[in-house]
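Shown next, in structure tokens, is the structure this report addresses.
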Amino acid sequence: MSNFNQSTDLPSDDALEQLLRRASPRPMPPQADEASVREAVRTEWRKVSSKHRTRRRMASLAVAATVVLGVFAAFNLLRVPGVEAVQVAAIEKSIGSIYLLGDSSELRETRDLSSVLSGQTIVTGDQAGIALAWGAGGSMRMDENTRLEFIDNETVYLKAGRIYFDSRPSSLIAGVADAERLVVRTDHGEVAHLGTQFVTGVDDRALTVSVREGQVSIDGQYHRHVASSGEQVTFSGRQRPTVLSISRAGEGWNWVSQMSPSPDVDGKPLYEFLLWACRELGLEIHWEGQAEQVAHAAILKGSIDSEPAEAMRLRLASADLEWRINDGVIYVSDN
């Protein structure tokens, strides 16, 4: 215990209070020194506060940057690279009302369409149709009330209606070569030609493929089938495909010949024209007497503006040749 405590016999806290009362007043620092001290304290406080704000700002910026990078990465994952539109077909003939499907799914009627680009969808109206020279080879026809999307130069998507395809068209059709590949997609399966003439038809319930010549590979959702000449195959749901025998000519094919593009016959022998007409009509040709020699010797002039059946009748008559049709065969004879 200190001497002060011993002389006063007071508790230490009370003794300390008496000692402070006896002490002389402490001198106040000069005002200038006090102002300097206060300014130094303020400066240091600003530095400390600024560091805290900077840390908070950097943390906020880091969070924002992380969010932006995440959104950008997700966008790049979902983004589909732009594909340049290319011409996939040229229109050779059209009748009736033809529409292009717009960006907002509206139908825009077009009267001067001469080519088709990838990504476009063409819709035909009532009693309408189109004949197209397929860019990768082959001749295509669209029937009335048909909706067809042109994916690329090897693929189309048939949404409704029916289309015809000839992978080996006549050389009389200018600018059309043999087709190497064509795939017709539908909601019921895919159809691919193996060197043929065929019709693909689709509606909400079924996919129907009719083969006039050659073979067609059909890959349905549940079954597969290779259809041959004279067969009509129907795929409907999970049922096994039904196969029927059909004629290669007749009323079921009339719409195809009605949409035949005009052949280039000027200076060509009648023989070549008759082969083209028979292919368009699904007929075999049989020569009698000297008819074949006459057909090779007869040279045609001008152009063909009528349908194949009518044009054939007129050209045979002009060459003084007779003809008759029986069971899908046309018999041509000289007088």
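The values are calculated or read from the model by the stated rules, or taken from the named source; none is laboratory data. Note that this is a predicted model, so its numbers are computed, not measured. Glycine gets a Cβ as well: all are built from the backbone with ideal geometry, and neighbour counts include every protein chain shown.
In table form, for the structure just shown:
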{"read-out": "Within the range 131-141, considering residues that are in contact (Cβ under 8 Å) with a residue 60 or more places away in the chain and within 19 Å of the chain's Cα centre (by Cα), the one surrounded by the fewest Cβ atoms within 10 Å (Cβ to Cβ)", "value": "A133"}
{"read-out": "Considering residues of the range 196-231 that are assigned to a strand (DSSP E or B) and among the polar types (S, T, N, Q) only, the residue surrounded by the fewest Cβ atoms within 10 Å (Cβ to Cβ)", "value": "S228"}
{"read-out": "Breaking point among (1) acidic (D, E); (2) out of contact with any helix residue (DSSP H, G or I) (no Cβ under 7 Å at 6 or more places or on another chain); (3) under 30 Å from A317 (Cβ atoms), for E280", "value": "(2)"}
{"read-out": "Single condition K159 does not satisfy, out of (1) surrounded by 15 or more Cβ atoms within 10 Å (Cβ to Cβ); (2) on the phi > 0 side of the Ramachandran plot", "value": "(2)"}
{"read-out": "Only one of R181, R238 that is charged (D, E, K, R), more than 19 Å from N153 (Cα to Cα) and not in a strand (DSSP E or B)", "value": "R238"}
{"read-out": "Residue in the range 232-255 that is surrounded by the fewest Cβ atoms within 10 Å (Cβ to Cβ), counting only those that are under 20 Å from I330 (Cβ atoms) and among the charged types (D, E, K, R)", "value": "E251"}
{"read-out": "All strands (runs of 3 or more DSSP E) inside the range 113-176 with 1 or more residues being assigned by TED's automatic domain parsing to the domain that holds G214 and aromatic (F, W, Y)", "value": "129-134, 147-152, 155-166"}
{"read-out": "Residue in the range 184-195 that is at pLDDT 95 or above, surrounded by fewer than 22 Cβ atoms within 10 Å (Cβ to Cβ), in contact with a strand residue (DSSP E or B) (Cβ under 8 Å, 6 or more places away or on another chain) and among the polar types (S, T, N, Q) present", "value": "no"}
{"read-out": "Condition met for E154 (free of Cβ contacts under 8 Å to residues at least 12 places away in the same chain and surrounded by fewer than 22 Cβ atoms within 10 Å (Cβ to Cβ))", "value": "no"}
{"read-out": "Selection status of R147, under 30 Å from Y222 (Cα atoms), in contact with a helix residue (DSSP H, G or I) (Cβ under 7 Å, 6 or more places away or on another chain) and in contact (Cβ under 8 Å) with a residue 40 or more places away in the chain", "value": "no"}
